[in-house]
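The values are calculated or read from the model by the stated rules, or taken from the named source; none is laboratory data. What you are looking at is a predicted structure, and each value in this text was computed from that prediction instead of being measured. Methodologically, a virtual Cβ is constructed for each residue, glycine included, from the backbone with ideal geometry; neighbour enumeration extends over all protein chains shown.
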Ligand SMILES: NC(=O)c1ccc[n+]([C@@H]2O[C@H](COP(=O)([O-])OP(=O)(O)OC[C@H]3O[C@@H](n4cnc5c(N)ncnc54)[C@H](OP(=O)(O)O)[C@@H]3O)[C@@H](O)[C@H]2O)c1
């Protein structure tokens, strides 16, 4: 599988498993299946309330911790220096591990209405840097950060953010945000790479999938990975899990990549980092 290297040298696979809602009513089953079909990178967050299940499934798999990568995120209510340190400690405890491979600030603002978001963010980043220097996390980054949010911490940052995880899929490619984060050396990760199913049946997606002889989900994931964007799709059945990780062996033409990048907006979650 294609891999991506972070600015600090850490390497992630192109496809990871997104665990949001993956444990609902299923406990560890979907995660265990994901491990079985070959996923080795897991995206969770304190907000998902499933870190215990993720940790349990990973432990039960018997796979060595060093062969698995885990990302977690601190929630908006966990921002600030002390809160962030505490949040990471609690995530580690729930996951039953002594380090994370990646730790992200889930959203840039504690509360969209508050003016002091920049100082809260700077304090939070200080904690992230400390966690990184202490070896509690192997990489640190951002999620849902647009250029003006990145600017709020960039100059003062001792350790620069290594990742920006954004909502990205056909119909919502946020080109400016991607371009800016990349210009700062960050790896881009796509959340909701399938638009949480909202774009799976768009006629253009069905046509393209047909053209490249892939399923719509494979086409959508391949489209992002080909543009060096790591994807973390969530799926619940073994068939879909396998389908989503089998995205090699096709190349989308430059013309189609450009065409798809200029479609009208489709499938957006409606969650804007300045307004949520
Ligand atoms: N940083 C953030 O703010 C943020 C926000 C949202 C999500 N995330 C992360 O990103 C991950 C992925 O995003 P997401 O869960 O929102 O959406 P997604 O991965 O785009 O879509 C998941 C949906 O697509 C369905 N699906 C998966 N594979 C399929 C296939 N091959 N064919 C047909 N349907 C398929 C799933 O159904 P079944 O489950 O029924 O199979 C599920 O309903 C999350 O799990 C989470 O880890 C991060």
Practice problem: Counting only residues that are out of contact with any helix residue (DSSP H, G or I) (no Cβ under 8 Å at 6 or more places or on another chain), give me the strands (runs of 3 or more DSSP E) lying completely in segment 97-179 with at least 3 of them. | Solution: 163-167
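A quick yes/no check of all residues on (1) buried (at least 21 other Cβ atoms within 10 Å of the Cβ); (2) within 13 Å of the ligand (Cβ to nearest atom):
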{"site": "90", "(1), (2)": "no, no"}
{"site": "94", "(1), (2)": "no, no"}
{"site": "103", "(1), (2)": "yes, yes"}
{"site": "124", "(1), (2)": "yes, no"}
{"site": "132", "(1), (2)": "no, no"}
{"site": "139", "(1), (2)": "yes, no"}
{"site": "153", "(1), (2)": "yes, no"}
{"site": "167", "(1), (2)": "yes, yes"}
{"site": "171", "(1), (2)": "no, yes"}
Quiz prompt | Filter result for the condition that a residue is surrounded by fewer than 14 Cβ atoms within 10 Å (Cβ to Cβ) and not in a helix (DSSP H, G or I), over 263, 275 | solution = 275
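Which of the helices (runs of 4 or more DSSP H) found entirely inside segment 183-247 contain at least 3 residues meeting this: more than 10 Å from the ligand (Cβ to nearest atom) and crowded, with 23+ Cβ neighbours inside 10 Å?
It comes to 216-226.
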Quiz item: residue 54 versus (1) under 23 Å from residue 132 (Cα atoms); (2) surrounded by fewer than 24 Cβ atoms within 10 Å (Cβ to Cβ): which is the lone unmet condition?
Solution: (2)
Quiz item: Among the numbered criteria (1) part of a helix (DSSP H, G or I); (2) modelled with pLDDT of 95 or more, which single criterion is violated by residue 63?
Solution: (1)
Quiz item: Does any residue of segment 250-260 turn out to be under 24 Å from residue 1 (Cα atoms), within 16 Å of the chain's Cα centre (by Cα) and either modelled with pLDDT of 95 or more or surrounded by 22 or more Cβ atoms within 10 Å (Cβ to Cβ) (or both)?
Solution: no
Quiz item: Can you tell me how many residues in segment 14-45 are in a helix (DSSP H, G or I), in contact (Cβ under 8 Å) with a residue 60 or more places away in the chain and surrounded by 17 or more Cβ atoms within 10 Å (Cβ to Cβ)?
Solution: 4
